[in-house]
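First up is the structure itself, then whatever we jot down about it.
Each reported figure results from applying straightforward, stated rules to the coordinates on display, with no laboratory input. Only a predicted model underlies this, so the values are computations on that prediction, with no experimental measurement involved. Cβ coordinates were reconstructed from backbone atoms using ideal geometry, including for glycine residues, and neighbour counts include every protein chain displayed.
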Amino acid sequence: QVLQARGKSYHPSCFRCVVCRQSLEGQPFSVDADTRAYCVSDYHKVQAPLCAACKVPILPTGLTESIRVVSFDRNYHVECYSVLSIVLCSLFHIHFME
Ligand SMILES: [Zn+2]
Ligand SMILES: [Zn+2]
C-alpha cells in the first residue's frame, strides 16, 4: 500500500510528521510548500502566523480557528490588537492635542 500526498507517493511507514516523527497513516495531516508532512498540531505550530505584538504564534483554539487581526500585513491576536489599538489611539490623540 502506498500513500499519496501532493502528487508524491510514500510508504505508510515512511510517512511521518517531520517534527515529532509520529506516523501519519490514517491521521489528519498537512503538507507544506516543500512537501514536508506534519501532524495537524505541529503544522499549526510551524505554520501559524506570529503575532506582531507579542511574538507568540497565533494558534487555533479548540475546534474553531483562532480569530486574528491582519493590519498593515501584520498578524495580531485579537486581544493584543485591541490593547495595541488603544495605545495607538491614545498616542494619536495626544499627538493631536499638542
Ligand atoms: Zn507532529
Ligand atoms: Zn499576541
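Overview of results
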read-out: Residue tally, condition among the hydrophobic types (A, V, I, L, M, F, W, C), surrounded by 11 or more Cβ atoms within 10 Å (Cβ to Cβ) and part of a loop (DSSP other than H, G, I, E, B), over segment 21-41; value: 1
read-out: Residue list for segment 1-53, filter: within 16 Å of ligand 1 (Cβ to nearest atom) and touching a helix residue (DSSP H, G or I) at 6+ places or on another chain (Cβ under 7 Å); value: CYS17, VAL19, CYS20, PRO28, PHE29, SER30, ASP32, TYR38
